[in-house]
Structure formats: structure tokens, C-alpha cells
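Comments concern the structure below.
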């Protein structure tokens, strides 16, 4: 039997968050559909304005404009459901994206790809809930202690992204390859215990949510037995009718085999999980020159970066598959057909 997921004064009927996937994979269509069914729908803000006519000339302006636009579109579809945005800490002008989402009335901001140390100050005095993404007990300790000391606050929820997740991963390549499931579950219990200390200090419930390779109801209930209150799922939502990605991106998941899923180096500075294709093969041979900078990542130097991650992810979203970085979770090869959001939710709550 499942329970609702409470995050502050928000209550999701289903204890599931649809993971934020960029560029252009989880936008207003997918997020709105999941929210309408009782889950928490999440829009990825990563280069969200890539479809706009002025994107190449003014990427920041196009992106900020479309943050608001996609929140509005998702609200129309969500039927009063809960919406969030995923904003990477590594994003250039991170603060501006956070403020734009808050200005447009977003319910929740989920933030990873770095520790979101400044997030509490950016949402102070607003109703927007904040959920940091962490990958380890160490990361949780550092962030919770910092927010406590510097901002006198605690998160509204904590999201643990495990080594089977898609996209950028908060682990070394070696940690991913030598993953010990038993040790990882023990660490989840320790994080739940740590978060409980802050729940008691601030006299508020702080649910722990976990993500990465959670396939079905049985997997979900196993995590619930560790003290987790919700799950985040991303990969399974890619092969839905409602997903914002091009049909050819969805087909890449359906057609891939287990051995096609590999760990890659990302210009963001973290390992990533993706489907091997011509683009991945090209990156293994050396640097792919960058012709145009989109100003996406704080740490990126266009003259040195191994490839332009924005171009590679835009190609994915547009279905230019062989020139794309096809991020995915460890179990993407199990997807065998196009389904609906309702079908995916049925895997957990049917």
C-alpha cells in the first residue's frame, strides 16, 4: 500500500517525482501530465529556450523567457497538481534561473550537479520548496550543516540520486562500476537517520526521496522499508507519448541493448550514463571542436572542453541521434515500446 508524499504544505497523491531531464526531454508536456495524475512533474531548465528563434544570439534571454512559458503551459495541463523545476548548480547565471522560476510561482526547485549552497537565500520569503540532490552521506552532511549554520534552515525534502540514475552522476566512474547494492542501501538508511536530526531540530517533516533504477512496485516498497518516503523516476517516462523529446530519441531507448549503455565523461565535470552511438565513439578519439558557445556551464572553457554538451543534448532532443549525447538510466534497455504516463505510474501504483 502506498502513501501520499508531503513536502511542506504540498501533498502529492502519489509518492513519485518525475525526474528532470534536459535538454528538452522533460518540459511542460511531460511535467504537466505527471502532475495531473497525482505525481510531481518536473521541468528541466537546462537550455530550455533552445527552440526559440533568438536562442543562438541571446541564449540567456531565451532560456529565462521559456522557464516562465513552460511553467505556464504545465500549469494548464496539471489540473492543480504539483510542479517543480530542476536547475543544475553548474548552470551559468544559476541565481537568475532560480529567481525566474520563483517569480513564475513554481512549487518546488530541485537542484543538483553540485551542492546548492546558495539556494535557501534565493527563495527566502517565498512559498517555493527546495530539494537538494545528494549522492552520499558525506554530501548530505556537508550541505545540511552548511544550510543550518549559514541560513538557519533545512531542506523541505532531500533527494538521493543513486549510481543507476541517468545523466550526470555524483560518483566517480570507479564507484559506479564497483557499485555495492547492500552498502548503498545501508548508506540510504544513514542519510534518513541524519535527515531525521534536522527534522527534529526544525520541527518539520523532511522526507527523503531516492532515485536511480527503481523499476517497479517491489523496488519502491524495498526503498520505503529503508525509511524513504518517495521515489524519483526518469528513464521510464522518456518512452511515453507525453514526453517532450523527439520520437527518435524515444526509439533509441527502445532499440538499445544493455551493453550499449556506457559511462561517459561530461564537460560538466561529472561522469554521465548514456547510450553508445557515433557521437560517443567520436569523443573517444579526441576533442570535438566547439563552433559556438551557448554559455551553459560555469566551468566550461570552449577552447578546452572535450565537446559542447549543449549541442550534443539539443541534437538528442531534436532526434539527430548519431550526433547526440543520449543520456539514460542503467535500465533504459528494458523499455520496449511507447507507453503513456498512466502506464508508467501503473508499474508502481497499479
Among the numbered criteria (1) without any contact (Cβ under 8 Å) to a residue 12 or more places away in the chain; (2) under 18 Å from residue 98 (Cβ atoms); (3) not in a loop (DSSP other than H, G, I, E, B), which single criterion is violated by residue 131? (1)
Regarding the stretch 34-48, can at least one residue be identified that is part of a helix (DSSP H, G or I) and over 16 Å from residue 129 (Cβ atoms)? yes
Take the conditions modelled with pLDDT under 95 and more than 18 Å from residue 40 (Cβ to Cβ) and apply them to residue 166. Does it pass? no
In this structure, does residue 105 turn out to be part of a loop (DSSP other than H, G, I, E, B), without any contact (Cβ under 8 Å) to a residue 40 or more places away in the chain and either surrounded by fewer than 17 Cβ atoms within 10 Å (Cβ to Cβ) or not assigned by TED's automatic domain parsing to the domain that holds residue 343 (or both)? yes
Collect the residues in the stretch 209-219 that are crowded, with 22+ Cβ neighbours inside 10 Å and more than 19 Å from residue 156 (Cα to Cα), keeping them in residue-number order. 212, 214
Condition met for residue 20 (assigned by TED's automatic domain parsing to the domain that holds residue 215, more than 22 Å from residue 116 (Cβ to Cβ), within 18 Å of the chain's Cα centre (by Cα) and surrounded by 18 or more Cβ atoms within 10 Å (Cβ to Cβ)): no
Members of the stretch 1-29 found to be closer than 29 Å to residue 296 by Cβ, out of contact with any helix residue (DSSP H, G or I) (no Cβ under 6 Å at 6 or more places or on another chain) and not in a loop (DSSP other than H, G, I, E, B), listed by number: 7, 16, 17, 29
Condition first: out of contact with any strand residue (DSSP E or B) (no Cβ under 8 Å at 6 or more places or on another chain) and either buried (at least 18 other Cβ atoms within 10 Å of the Cβ) or closer than 22 Å to residue 165 by Cα (or both). Now tell me which residues in the stretch 263-280 satisfy that. 269, 277, 279
Given the conditions (1) out of contact with any helix residue (DSSP H, G or I) (no Cβ under 8 Å at 6 or more places or on another chain); (2) within 25 Å of residue 51 (Cβ to Cβ); (3) modelled with pLDDT of 95 or more, and given that residue 293 satisfies all but one, which numbered condition is not satisfied? (3)
I need a count of the residues in the stretch 197-241 that are in contact (Cβ under 8 Å) with a residue 12 or more places away in the chain and over 21 Å from residue 39 (Cβ atoms). 5
Could you give me the residue pairs with C-beta distances under 6 Å whose first residue belongs to the stretch 258-276 and is in the same structural domain as residue 312 (by TED's automatic domain parsing) and more than 20 Å from residue 305 (Cβ to Cβ), whose second residue is surrounded by fewer than 17 Cβ atoms within 10 Å (Cβ to Cβ) and modelled with pLDDT under 95 wherever it lies, and which are 6+ apart or on separate chains? 276/262
Could you check how many residues of the stretch 169-208 are part of a helix (DSSP H, G or I) and either farther than 23 Å from residue 15 by Cα or touching a helix residue (DSSP H, G or I) at 6+ places or on another chain (Cβ under 9 Å) (or both)? 18
Filter the stretch 261-275 down to the residues that are under 14 Å from residue 312 (Cβ atoms) and not in a strand (DSSP E or B) and list them by number. 266, 267, 268
Just one of 68, 84, 125 is assigned by TED's automatic domain parsing to the domain that holds residue 28 and on the phi > 0 side of the Ramachandran plot; which is it? 125
Taking the stated definitions as given, is residue 313 under 30 Å from residue 15 (Cβ atoms), assigned to a helix (DSSP H, G or I) and not assigned by TED's automatic domain parsing to the domain that holds residue 205? yes
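The values are calculated or read from the model by the stated rules, or taken from the named source; none is laboratory data. Remember, predicted model here, so these are calculated numbers, not experimental data. Neighbour counts are summed over all protein chains in view; Cβ atoms, including those assigned to glycine, are modelled from backbone coordinates with ideal geometry.
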